[in-house]
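Quick notes on the structure that follows.
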Amino acid sequence: MSLEEILKIVEVIFREVIEDSTLVIKYDTNSDAIDEWDSLINIELIIAIEKEFDITFDLSQFYKFKNVGQMCEWIKTQI
Amino acid sequence: MNFTEVKKSLINITEDMQKLKISILGDSSTQFLNIALRGIGAKHSFNLEIFESEFSQIELNILNDQSEYFKFKSEFTILCFSSEILQEEFYKLNDSDKEIFSAKKTEYYKSLITKINESSGSKIIFLNFVEINDFIFGHMTTRIKKTFIHQIRLINNDLIDLSSELENLFILDASSLQNIHGRKNTYDPRLFISSKVVFSLDFWPVIAESIIKIVQSTLGYSKKCLIFDLDNTIWGGVVGDDGIENIQIGNYGIGRAFSTLQRWILELKNRGIILAVVSKNELSTAQNVFRNHPDMLIRLNDIAVFQANWDNKVDNIKRIKEVLNISYDSMVFIDDNKFERESIKSLIPEITVPELPNDPTFYLDYLTELNIFDSTTNTKLDGERVLKYQQESERIIYKNQFNDFEQYLIDLKMTSKVNEFSTFDLPRIVQLSQRSNQFNLTTIRYSSKDVTDIINSKEKIGFSFGLGDRFGDYGLISYVVLYERFKNEFFIENWVMSCRVLKRGMEEFIINYLVEYTKSIGFKKIIGEYIPTKKNIPVLDLFERLGFIYDDNLWVLPINTAKKQKNVIERS
């Protein structure tokens with residue numbers, strides 16, 4: 001799967017969890033850019049991404065990535 | 001439903017839903033419970049207003065009459081203490097204090113609950129403790145008093161006693177829920193370590209669902225009646241086709257699965273749940289199993305209303321409602337057949353209709369997990385009342401058919417595939433021929449060779465009919481074999497159909513097709529014959545219903561006067 005494809009899937013997950021069907025996610029999107037993205041939403045996002053890609057985050061990775069792009073790159077190494 | 005799906009149902013909350021105030025007091029992070037509870041509440045038509053206390057504030061809120069919690073005036077209070085936090089507290093104690101831990105804690109919980117009772121009218125839902133075995137002493141752990149698992153079990157036991165002592169207290173059996181789902185699915189250490197969240201994300205909706213069940217039953221919304229189907233639901237096989245001696249119940253093979261389900265149903269009956277039967281069967285055939293099968297556990301005198309006939313199940317459930325005089329939302333309907341389930345769900349949406357798993361082995365686990373018959377009271381249904389219902393149901397005059405059923409059939413978008421016999425359909429035709437006894441007009445059966453002969457024959461012609469609807473494809477469900485017995489007259493050598501699809505317009509569709517075909521080749525009549533057997537009573541009046549005229553032991557349909565039979569099936 002390419003980085004681009006991963007980003008697309010991640011975008012769908014963000015839209016589901018944040019309940020905003022028009023949300024646009026880019027590589028440099030981070031939690032500052034999305035008001036709703038608090039620690040609880042972060043848990044929801046991670047659990048949803050884990051299920052979608054059948055991967056597991058270590059707790060240390062819950063808050064490690066500086067932006068969505070970094071997370072997508074890590075996902076790419078896991079699948 | 002997973003957590004994100006539950007969250008989505010929050011937007012369905014409307015002002016006309018029943019409002020309810022609920023407080024959540026927990027010693028861990030309860031925000032997910034707050035969301036899940038409101039979402040699940042919405043699913044059950046509650047508009048919940050929730051007060052959530054900070055997790056260090058339980059005592060402050062309960063001990064002070066002027067607290068935010070008491071000002072909120074909740075109708076229900078959820079006390080959500082967690083095993084993980086309890087464990088931390090336990091490990092700080094010395095050995096002798098560990099041994100009396102449960103007694104101390106129970107006393108403490110009792111004082112909190114008593115205080116809530118004194119200061120408000122709120123009902124209390126207390127989550128009992130999920131079991132954590134730290135295996136400090138290996139498997140000796142359970143024998144040794146100063147271990148955590150031992151103490152948790154004692155506390156859970158004490159809570160049972162407390163709940164019978166204190167009227168406003170209801171225990172939510174979180175420990176059993178963890179048993180069902182497994183700790184690996186109910187607990188995510190990452191959430192606990194990082195955010196003090198004691199259940200995994202998707203377990204919160206399960207907890208919330210249980211809370212709502214308790215709320216509903218304290219409000220009097222409990223289930224009073226279990227309506228069940230017979231064939232392939234409480235026994236294996238189709239009694240009308242297979243015969244009483246061949247149905248599966250008892251101690252062998254798959255039969256055991258059905259017997260276990262029957263035992264559970266009887267336990268429900270003992271608890272006060274009214275039992276009713278709705279089945280597409282001849283009444284005498286169906287009741288014979290209850291009277292004479294040695295392995296049947298449920299007996300006729302356990303059943304308040306027994307509806308075995310060929311009418312649609314919606315009408316039958318309507319009759320049950322008239323006899324029992326209870327509301328639809330207090331009924332549960334179980335049936336292995338998806339068509340029947342969907343028709344009830346769509347025409348009587350208030351009834352609870354569990355989706356049964358395909359494999360009967362899983363019926364019971366699935367049903368128990370749903371906890372449909374939640375109850376906060378314990379009343380018995382005595383034998384006299386069952387008898388009263390039985391008499392009442394004999395008196396009842398059958399009213400008009402449910403008008404909506406026709407609309408339901410239209411919405412199903414049924415289509416039928418019609419084919420001349422082919423080698424491709426051969427196995428299924430042979431199977432249908434061997435298995436069908438009820439919708440079987442002459443009981444002439446066809447082997448593979450017979451079907452091959454028909455395919456190659458110039459005299460005989462066979463048609464097979466499939467059925468599909470928006471829920472799926474039922475495959476080949478009927479066939480007819482015709483030949484010219486007298487000049488320009490088709491004789492139906494046999495017509496067989498699976499009883500599962502009876503009364504959906506399939507008979508009408510087939511006869512229309514046969515009339516059209518007969519007309520197209522210039523024949524004048526279709527002749528049918530009904531040879532009665534013990535099992536084919538369901539088609540006793542078939543030819544009459546389809547407009548045939550009785551004449552010297554045969555049934556005759558003149559093509560020029562044949563009326564189009566009404567149905568809503570499209571040819572595909």
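Throughout, read-outs are computed from the coordinates displayed, never taken from laboratory work. Note that the structure is predicted; figures quoted are calculated from it, not measured. Counting neighbours? That spans all protein chains shown, and the Cβs are built from the backbone with ideal geometry, glycine included.
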Where chymotrypsin sites (Phe, Trp or Tyr not before Pro) fall in DSSP loop in segment B:64-157, at most 13 other Cβ within 10 Å:
B:F135
Kirkwood Rh, Cα Rg: Rg to Rh for segment B:266-347?
0.95
Rounded to whole Å and sorted largest first, what semi-axes of the equivalent ellipsoid does the C-alpha gyration tensor of segment A:12-53 yield via the square root of 5 times each eigenvalue?
15, 12, 10
Per DSSP H run of at least 4 residues, take -39500 (n - 2.57); add these up for chain B, divide by its residues and hand me the 222 nm value, nearest 500 deg cm²/dmol.
-12000 deg cm²/dmol
Could you state the number of Å between the C-alpha centres of segment B:1-78 and segment B:318-346?
32 Å
Sort all Cα-Cα distances of the protein assembly as shown into consecutive 20 angstrom bins from zero, then give the percent of pairs in each bin up to the one containing the longest distance.
15, 38, 32, 14, 2, 0
If r is the Cβ-Cβ distance from B:E322 to B:E165 and R0 is 56 Å, what FRET efficiency results, to the nearest 0.05?
0.85
Between B:T452 and A:I9, what is the spin-label point distance in nm, taking each point 7 Å from the Cα along the Cα→C-beta axis?
5.1 nm
Hey, got the dipole for the protein assembly as shown? About the Cα centre, +1 on K and R Cβ, -1 on D and E Cβ, debye to the nearest 20?
1820 debye
Subtract the Cα-Cα distance of B:E15 and B:R385 from 0.36 nm times their separation in residues, and report this length gain in nm to one decimal.
129.2 nm
Could you give the length gained by full extension between B:E59 and B:L266, i.e. 0.36 nm per residue of separation minus their alpha carbon distance, to one decimal place?
70.1 nm
Where only alpha carbons of segment B:183-332 are counted, the Rg and the Dmax (Å)
20.1, 64
Which log10 I(q)/I(0) values does segment B:1-70 give at q = 0.26, 0.28 Å⁻¹ under the Debye formula, counting every alpha carbon as one identical point scatterer?
-1.05, -1.14
Can you tell me the equivalent ellipsoid semi-axes for chain A? Use √(5λ) from the Cα gyration tensor, largest first, whole Å.
17, 14, 12
Selection from B:L127, B:G138, B:L169 lying farthest towards where the dipole of segment B:100-173 points positive, charges on Cβ
B:G138
If exposed means GluC sites (Glu not before Pro) lying in a DSSP loop and surrounded by at most 13 other beta carbons within 10 Å, then the longest stretch of chain B lacking such sites spans residues B:168-349
Compute from the Cα atoms of segment B:402-458 the Rg and the Dmax, the latter being the longest Cα-Cα distance, and quote both in angstrom.
15.9, 46
FRET efficiency for B:T561 and B:E484 from the Cβ-Cβ distance with R0 = 25 Å, rounded to 0.05, comes out at 0.80
Bin width 5 Å, origin at 0, all Cα-Cα pairs of segment B:158-272: what percent of pairs per bin?
2, 9, 12, 12, 14, 14, 12, 10, 8, 4, 2, 1, 0
Would you work out if chain B is rounded, prolate or oblate? Take a ≥ b ≥ c from the square roots of the eigenvalues of the alpha-carbon gyration tensor; rounded if a/c is under 1.5, else prolate when a/b is larger than b/c, oblate otherwise.
prolate
Defining a contact as two alpha carbons under 8 Å apart and six or more residues distant in sequence, what relative contact order in percent does chain B show?
9 percent
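Which length gain, in nm to one decimal place, applies between B:D411 and B:K503 when the Cα-Cα distance is subtracted from 0.36 nm times their residue separation? It would help to have the intermediate numbers written out before the result.
On the way: separation 92, 0.36 × 92 = 33.12 nm, distance 1.55 nm.
Going from the current span to full extension adds 31.6 nm.
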On a C-alpha basis, how far is the centre of segment B:492-512 from the centre of segment A:4-79 in Å? Whole number, if you could?
55 Å
Cα centroid of segment B:103-136 to Cα centroid of segment B:167-216, whole Å
16 Å
Quick one: of B:K321/B:K388; B:K105/B:K184; A:K64/B:K196; B:K19/B:K318, which pairs are farther than 24 Å apart, Cα to Cα?
B:K105/B:K184; B:K19/B:K318
